[in-house]
Each structure stands twice: as C-alpha cells, then as structure tokens.
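Input: a single structure, listed below in structure tokens.
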Amino acid sequence: MDLTNKTLIVTGASRGLGRALALELARVGVNLVLSARTPEPLQETQAHVSRLGVKAEVVVGDAAVAQTVQEMVMTAQSLGNFYGFIHNAGVLNPGPLLWELSENQWFEVIDSHLNAGYQLIRQSVPQLLQAGSGIAVFVGSGAASSNLAGIGAYAVAKAALEHLARQLATEAPQITSFVYRPGVVETHMQQQARTAVGGGSQVLHRVFRGYQQQGILRTPQEAAAALVRILTDNPRSFHGKIANFP
C-alpha cells in the first residue's frame, strides 16, 4: 500500500512508541496529526517529523474527550487525504492490586485505552466510510490475554480495546481494522513497572526487571518499523485480527 500524502492520526505521540511511529510514518511520506496530553514533548515530535518533509500538526488533549478527537479529525481533514488512525495512547498505573486502585487511577487507565478508542471510532469512522476506505490500528498487548498482579486495570482495558477493534472490523468492513501487539518494548511504562509501588509491585519488579536483565526488550524504533512494514505491505491480511511483532 502506498501511504504517500495520506494523513493519519497518531495518539500518544509525545514519546516512546508513539514518537517512533510518527517518525517511521513520516519517512514513507505520511502526513500526521499528532496527539498527546503534554504539549512540550509533543511539539518536539512535531519538529522531528517536519524535518522529514511531511506536514504535521499537533492536538494537545485527552483522547477520551470527544472535543479533543473532533479537533484531531478536523485537523486531519484540513491536511487532506484523511486515511485513519493509530491509537497508541495509554496509561499503565502499575503496582496497586485491583482493590488498592483509586477510582481516578482506574478510570484514567480505562479512558486512555478504551474510551479513547471509542472516541476515535465515533469521530473518524463516518468520514472514512464516506471516503470508502481507511485504516484503524489499535496498539494492543499480550496483557489482554493473561493475568499479572499489579496491572489489572491495564489488562482489562487492553482486552476490551482489542474486542473493540474486532467489533469495528465486523461493523465497518470497508475500513481495515486490526490490533498491533508490539511485544516487550522499552518505554516509560516499562520503567514505571520496574519501580512500581503497591500490592503487586514485587511481581512486577520480578517480571519487568527480568525483561531488562535478559536483554529481550525491543526498541520503540524496532516496534514502529515493524508496524509500518505491515501498513505498507498488506494490512488487509490482518483485518479483524491481531498482528504480533514478527
């Protein structure tokens, strides 16, 4: 698939995998609407992307809020050839067991993954259907299929998000919708898990510090490049499915 001069929304683009995705997409000629909650690192991503010769705009705000996502879609349309989104934003809040999580911690995780995914669908899918095609990529996780003490809210949110992606694939088959699981990537979430506090912290320390000690962590650039290869090769083969890091 030729993505040159198409416009994609990338959430969680201020750092880690989101920033790496923005740069890899820019290298294949994609114009970008970059979103995150923190303006300064998001603007840094924009500057890096712009140096690669594509158009890039930023929308600062919470992707679980309808008005924020409306602005993303409107900005994407203004750039031209709006083609879809990659939903990468998310919060972990690791450490506490389920009953130790505050309501704010719980809802922050659910909002960042699931409700933001819903808002992206709600605001962008009508436009993509009108155009007749598009892509919707949801960054998933192996945590959606397993249980580990201390990241319960995250696992629940990812499981629901992956189901949401399959639901979209069923209801809007014109749009290529799939989950991308990047594997174990060295990001801010990994650092949080290695230093987590709470009832599940000892388990998280053992597992996540183990990843680091074993040297199995992938870089954000490796994970981003793998997804872009899928998008420029045959993304339709993963419609309604999970694409795992090769």
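The values are calculated or read from the model by the stated rules, or taken from the named source; none is laboratory data. A quick note: this is a predicted structure, and the numbers were derived from the prediction, not measured. With ideal geometry, Cβ positions are generated from the backbone for all residues, glycine too; neighbour counts draw on all protein chains shown. Calculation scope for accessible area: heavy atoms of the full protein, side chains included, ligands and nucleic acids excluded. Shrake-Rupley method; radii C 1.70, N 1.55, O 1.52, S 1.80 Å.
Every test in (1) on the phi > 0 side of the Ramachandran plot; (2) buried (at least 20 other Cβ atoms within 10 Å of the Cβ); (3) out of contact with any Leu (no Cβ under 9 Å at 6 or more places or on another chain); (4) not basic (Lys, Arg) is passed by residue 81 save one, and that test is (2). The one condition from (1) free of Cβ contacts under 8 Å to residues at least 60 places away in the same chain; (2) more than 20 Å from residue 137 (Cβ to Cβ) that residue 167 does not meet is (2).
The number of residues in the stretch 84-118 that are open to solvent by 20 Å² or more (accessible area, probe 1.4 Å) and more than 20 Å from residue 189 (Cβ to Cβ) comes to 3.
Residue pairs whose Cβ atoms lie under 8 Å apart, sitting 6 or more positions apart in sequence or on different chains, and linking a residue in the stretch 126-140 that is within 17 Å of residue 167 (Cβ to Cβ) to a partner that is basic (Lys, Arg), are 139/181; 140/158; 140/181. Here residue 2 fulfils each of the conditions (1) over 27 Å from residue 190 (Cβ atoms); (2) not in a loop (DSSP other than H, G, I, E, B) apart from (2). Among helices (runs of 4 or more DSSP H) entirely within the stretch 186-246, having at least 2 residues that are within 30 Å of residue 100 (Cα to Cα) singles out 188-194, 201-214.
Kindly evaluate residue 24 against the criterion of being open to solvent by 50 Å² or more (accessible area, probe 1.4 Å), of a type in the set (Asp, Glu) and out of contact with any Gly (no Cβ under 8 Å at 6 or more places or on another chain). Criteria not met by residue 24.
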